[in-house]
Amino acid sequence: MWVILAFLSATLLGFYDVFKKHSLKENAVIPVLLLNTLFSSLIFLPFIILSHNSLIAADSMFYCTEYDLQEQKYIIIKSFIVLSSWLLAYFGLKHLPLTIVGPINATRPVMVLIGAMVFFAERLNIWQWLGVAVALIGIEMLKNTSKKEGINWRHNKWIYFVILANVLGAISGLYDKYLMASPDNGGVGLNKMAVQAWYNIYQFFMMAAMLMFLWWPYRKRTTPFKWHWSIPLISIFLSAADFVYFYALGIDGAMISVVSMVRRGSVIVSFLCGAMLFKEKNLKAKVIDLALVLLSMLLLYIGSN
């Protein structure tokens, strides 16, 4: 069940990347990200209020457990990690083709895999190892394909932005496992709905401060902000993808390394939309890279069953 949920999360995440790319086209990054955190907060705020007033049953998947500062500090830490990753990813995506950023994001599960093996003693079987190996080959081929578009990975700062965003994303994924795991299993045992709801709210206030002090005073010297219909869709699809992701991690036997790898299957959706909607280049070469990512997802699915 958790594997199916991981694939669903990947699909939603793919559309999230598409709407994000559309919203950032010739647009200011910080206001777009602020609105993303605002809409996400508004999506989850009713669940916090309804749970507080006992209008949602405590055993419901939509119930938000109330926590004091002792527990909330863990969620605040997650907010810092995720927001840092998002800032880097947004700036990188604004300046790079979606058909390149998507496959780069597929490297994140490899980072998560190493962390999962070190911190959670997870072990992969032969099929899953094959999936990881094929994904790494696909990324290496993408580096060569990128050169045809004049993108040298060693000298392009936006590539480094995306890579660092993925490192922070991998740290966030490992931290999620720690937050969701029960105290008996070495975790904190937080309610997944409460984590998702509160970390979005904390991020909104962080972004509001960033917009006020870092963007607003210099807004006339930078890229102006323009409203796009796709901006609220970023929050809707991300919230849905994360909800399914957290729910998958909460199922007994779920492996963070496999869930994170499958979620990178979002590259399939983003690649197709990058080709059809954004008319990106060198698609024939990138199709081979994408095929390897697809094969790696299939191998992981076989290994998890």
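Excluding residues fewer than 8 places away in the same chain, name every one of the aspartates and glutamates whose C-alpha is closer than 12 Å to that of residue 281.
Counting by Cα, and skipping residues close in sequence, residue 281 has these aspartates and glutamates nearby: 149.
Apply the Karplus parameterisation 6.51 cos²θ - 1.76 cosθ + 1.60, with θ equal to phi minus 60°, to every residue of the range 203-209 and state each ³J(HN,Hα) to the nearest whole Hz, in sequence, with x for glycine and proline.
5, 4, 5, 5, 5, 4, 5
What figure, in Å² to the nearest 10, do you get for the accessible area of residue 216 with a 1.4 Å probe and non-protein molecules left out?
130 Å²
Reachable aspartates and glutamates from residue 143, Cα under 19 Å, same-chain residues fewer than 8 places away excluded?
Leaving aside aspartates and glutamates fewer than 8 places away in the same chain, those within reach of residue 143 are 280, 289.
How much of the calculated P(r) for the range 1-159 lies past 29 Å, in percent of all Cα pairs?
Details: 4548 of 12561 pairs.
Tail of P(r) above 29 Å: 36 percent of Cα pairs.
In 10 Å bins starting at 0, how do the alpha-carbon pair distances of the range 160-232 split up by percent?
Per 10 Å bin, starting at zero, the Cα-Cα P(r) for the range 160-232 comes out as 15, 27, 36, 16, 5, 0 percent.
Highest first, please rank the peptides 39-48, 188-197 by the mean number of other Cβ atoms sitting within 10 Å of their residues. Don't skip to the answer; put the middle values down first.
On the way: 39-48: 18.6, 188-197: 21.1.
Highest-to-lowest ranking by the protection proxy: 188-197, 39-48.
Principal axis lengths of the chain from Cα atoms, whole Å, largest first?
57, 55, 29
Starting from the Cα of residue 192, draw a straight line to each of the lysines and keep only those under 27 Å, dropping any in the same chain fewer than 8 residues away.
Reachable lysines: 20, 73, 78, 177.
With Cβ to Cβ distances under 13 Å as the rule, what net charge do the other residues near residue 195 carry (K, R +1; D, E -1)?
Details: positive: 73, 78, 177, 192; negative: 66, 71, 176, 242.
Counting the neighbours of residue 195, the net charge comes to 0.
The values are calculated or read from the model by the stated rules, or taken from the named source; none is laboratory data. Not measured: the values here are computed from a predicted model. Counting neighbours? That spans all protein chains shown, and the Cβs are built from the backbone with ideal geometry, glycine included. Quick note on the areas: whole protein, heavy atoms, side chains included, nothing else; ligands and nucleic acids left out. Shrake-Rupley method; radii C 1.70, N 1.55, O 1.52, S 1.80 Å.
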